[in-house]
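The values are calculated or read from the model by the stated rules, or taken from the named source; none is laboratory data. Keep in mind that this is a model prediction, so the values were computed, not measured. Cβ placement follows ideal geometry from the backbone for every residue including glycine, while neighbour counts extend to all protein chains displayed.
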Amino acid sequence: MIKLTNIEKVYRTSTIETLALNNINIDIKKGDFVSIMGPSGCGKSTLLNVMGLLDEPSSGSVEIGGQQVGKYRDKELAHLRNQKIGFIFQSFHLINDLSVIDNVEIPLLYRPSTNKSRRDAAREALEKVGLSNRMKHFPTQLSGGQKQRVAIARAIVGNPEIILADEPTGNLDSAMGNEILNILLQLNAEGSTIIMVTHDESMAKKTHRLIRLFDGSQVS
Amino acid sequence: MIRHLIKLIWNKKRSHTLLIVEILASFLVLFGVMSLVTYNMGNYLKPIGFEYEKIWTINFSSNQDTTDVAGKMNLLYRKVAGYNEVESATRMSGNSPFSFSNSNTGISYKKTHTMSDIYNTDEHFAKTLGLNLIQGKWYGREDRVAKNTPVVINRATRDALFGTENPVGKVFDSENEDKWRIVGVVDYFKGKGEYTADKPAIFVLMDGKSGWEKTILAKVKPGTDANFEAKMIRELGAMAKDWTVEVTYMSDQRVNQHNFSLVPMIIFLIISVFLLINVAMGLFGILNLNIARRREEIGVRRALGATEGSIKSQFVGEMWVIAAFGIFIGLLFAVQFPIMSIFDLDPVIYIIAILLSVFIIFLIVTLCSYYPSRQAAKIQPAMALHEE
Ligand SMILES: Nc1ncnc2c1ncn2[C@@H]1O[C@H](COP(=O)(O)OP(=O)(O)O)[C@@H](O)[C@H]1O
Ligand SMILES: [Mg+2]
């Protein structure tokens, strides 16, 4: 599903050069649930962004669903992100000026769709995460756990094959965190391929596979 | 997507109120200016109807002299018309073409009533100013003996009073005299210049006994110069002692009238340019703030599948929605003008003015938002979403 070969990512500013990813080789199969762990600043987010086509590696190749994306331009990358990938972030990144259901609809705005089909899909996604009674609320009226469930609904509304979650429970207490993990496990059981960054060993244990990073390199 | 943008703007309308009010104000002023411009241009496109090159306006003032003014005016006219350099000359009331004086009266025929400009003049007026007769004839010496005073009307009077009927030979009522009889119809006559309306006008044959008509228009031959002008003023002054004689070129008077029509338009234009600059700065401000504050949103949208192009269109589109709000409120006012025929203008003028104003505002909004929106689209999503 996702194949990274010899990935390197260097951040250059005028004063320093940071090697954020160093010789990464990962092959993730369809239906996998992979967790990524490592200390802060070791390159986990960078790795996820490379997989999610939000950031370009300095060298190496990225394959998504068998397609080499190295030569892809903005339009094709955006199309792939829209169709194949759902993102979940530590700080939710909901748009506060839009209601819950309008937030969830966003990915569908970037593909051909009708108003009604968007509404229906958004409602269904919100039902899946148990928030169908909060559709008209605004993000500021929700708890952290609820916000993250909205974000998950937004990530799955377009039926992507891959879900990338960057510390999805990082801002939540353990009870809410476990709720989120259970939703992700359920989605994985229904066929989604999931890659999740986490700091929580017990959560990582519930996934199929663990990748450890240290200073930009894979250590296991 | 449009529905999405409308929601987005509606949900935070409060932070956009100022800009919406600014757009509303510019729209209203622009609507005023465009109405004026459309009105003036619409007038401009119609022919002025008479010649003004090589025509001198000679104004006499009898000052304290009250003895036989009419007789002296007749002599003065004969003197002017007799010069070799003068091709043709005519006498008329003080409201000569491009002058700043007016004279009008109410006229009616059967049940129809209208207001018309009144010019008192003589047999030589049409020839001197090159008027274009479309029906009947200009009055001549023989018409002086007729029972009802002969008049020539213009096309606008005919259309207002008689519609499609042939008015030649018809007798109608005026407020200041009992009956007038129409002998001819001239085409256009815009007495105050190209930018004024082709209003109803009536040329009344003067009787030559009152001495009211103290303006002579003289068409001079090509090449006539200031030497002749000085000689003429000297000789006319000698004939009418204690009178004042004043010669102006009709082409100069025309320029004065044009300034008179154009200055209000220019003042309004300056005001609207000023308001539009305000709108443009408001737009820049909001967009720059938006882009700084909404980096996160830009990042998420890109992650969820937005292309650079769709981010750019979103930001331009949001400004369009804001402009549409302001314009919509403005339209509620603007449409009253054609609906209620305010200022008695053709509704088409207002409709054209509305369309022009809407177009200009959207054009400015697009121009102002294009560059900042492109900057927004260039933001790297990974950077925008970066969290420590
Ligand atoms: N846009 C960037 N510019 C420069 N350096 C960056 C940028 N993004 C990340 N880095 C650096 O790359 C390294 C990896 O960052 P990141 O992937 O965010 O780590 P993690 O998510 O594991 O905490 C860090 O040293 C970070 O400072
Ligand atoms: Mg991180």
**Message:** What pairs come out if I take residues in the stretch A:49-74 that are within 11 Å of A:Leu4 (Cα to Cα) and pair them with residues that are β-branched (Val, Ile, Thr) and assigned to a loop (DSSP other than H, G, I, E, B) whose C-beta lies under 9 Å away, six or more apart or interchain?
**Reply:** A:Ser61/A:Val69; A:Val62/A:Val69; A:Glu63/A:Val69
**Asked** What is the number of the single condition among (1) modelled with pLDDT under 95; (2) farther than 20 Å from B:Leu304 by Cβ; (3) within 20 Å of the chain's Cα centre (by Cα) that A:Val129 does not meet?
**Response** (2)
**Item:** Matching residues, the stretch B:81-107, being buried (at least 20 other Cβ atoms within 10 Å of the Cβ) and within 17 Å of B:Phe228 (Cβ to Cβ)
**Value:** B:Val86, B:Ala89
**Number of the condition not met by B:Gly317 [criteria: (1) at pLDDT below 90; (2) within 14 Å of chain A (Cβ to nearest Cβ)]** = (1)
**Prompt:** Taking the stated definitions as given, is A:Arg12 within 13 Å of chain B (Cβ to nearest Cβ) and either more than 15 Å from A:Ile194 (Cα to Cα) or touching a strand residue (DSSP E or B) at 6+ places or on another chain (Cβ under 8 Å) (or both)?
**Reply:** no
**Request:** Confirm whether B:Val358 is within 13 Å of chain A (Cβ to nearest Cβ) and either polar (S, T, N, Q) or out of contact with any Asp or Glu (no Cβ under 9 Å at 6 or more places or on another chain) (or both).
**Result:** no
**Prompt:** Would you pick out the residues in the stretch A:52-74 that are within 13 Å of ligand 2 (Cβ to nearest atom) and among the hydrophobic types (A, V, I, L, M, F, W, C)?
**Reply:** A:Leu54
**Item:** Residues satisfying the stated conditions in the stretch B:151-172, i.e. farther than 27 Å from B:Asp346 by Cα and either surrounded by fewer than 21 Cβ atoms within 10 Å (Cβ to Cβ) or outside the structural domain of B:Lys111 (by TED's automatic domain parsing) (or both)
**Value:** B:Val168, B:Gly169, B:Lys170, B:Val171
**Message:** Given the criterion at pLDDT 90 or above and away from chain A (no Cβ under 14 Å), identify the matching residue among B:Arg295, B:Arg254, B:Arg302.
**Reply:** B:Arg254
**Request:** Taking A:Asn23 as the residue in question, decide whether it is within 16 Å of ligand 1 (Cβ to nearest atom) and either closer than 22 Å to A:Glu127 by Cα or away from every other protein chain (no Cβ under 14 Å) (or both).
**Result:** yes
**Prompt:** Pick from the stretch A:45-86 the residues that are within 16 Å of ligand 1 (Cβ to nearest atom) and part of a helix (DSSP H, G or I): which of them is nearest to the other protein chains (Cβ to nearest Cβ)?
**Reply:** A:Asn49
**Complete:** The lone condition A:Asn96 fails out of (1) within 14 Å of chain B (Cβ to nearest Cβ); (2) under 30 Å from A:Cys42 (Cβ atoms); (3) not small (Gly, Ala, Ser) is (2)
**Request:** Can you tell me which residue among B:Ser26, B:Ser103 is in the same structural domain as B:Val204 (by TED's automatic domain parsing) and within 37 Å of the chain's Cα centre (by Cα)?
**Result:** B:Ser103
**Prompt:** How many residues are more than 10 Å from chain B (Cβ to nearest Cβ), out of contact with any Asp or Glu (no Cβ under 7 Å at 6 or more places or on another chain), crowded, with 19+ Cβ neighbours inside 10 Å and assigned to a helix (DSSP H, G or I) if we restrict to the stretch A:100-133?
**Reply:** 6
**Item:** Segments classed as strands (runs of 3 or more DSSP E), wholly inside the stretch B:186-251, with at least 1 members that are basic (Lys, Arg)
**Value:** B:215-220
**Asked** Can you name the number of the only condition in (1) more than 16 Å from the chain's Cα centre (by Cα); (2) within 16 Å of ligand 2 (Cβ to nearest atom); (3) within 12 Å of another protein chain (Cβ to nearest Cβ) that A:Leu172 fails?
**Response** (3)
**Asked** Restricting the stretch A:26-44 to residues that are within 16 Å of ligand 2 (Cβ to nearest atom) and small (Gly, Ala, Ser), which is farthest from the other protein chains (Cβ to nearest Cβ)?
**Response** A:Ser35
**Prompt:** For the stretch A:137-220, which strands (runs of 3 or more DSSP E) that fit wholly inside it have 3 or more residues that are buried (at least 22 other Cβ atoms within 10 Å of the Cβ)?
**Reply:** A:162-166, A:193-197
**Message:** Being farther than 23 Å from A:Ile2 by Cβ and more than 16 Å from ligand 1 (Cβ to nearest atom) is the filter here; which residues of the stretch A:159-200 pass it?
**Reply:** A:Leu172, A:Asp173, A:Ser174, A:Ala175, A:Met176, A:Gly177, A:Asn178, A:Glu179, A:Asn182
**Message:** Among the listed residues B:Leu356, B:Leu287, identify the single one that is within 45 Å of the chain's Cα centre (by Cα) and at pLDDT 90 or above.
**Reply:** B:Leu356
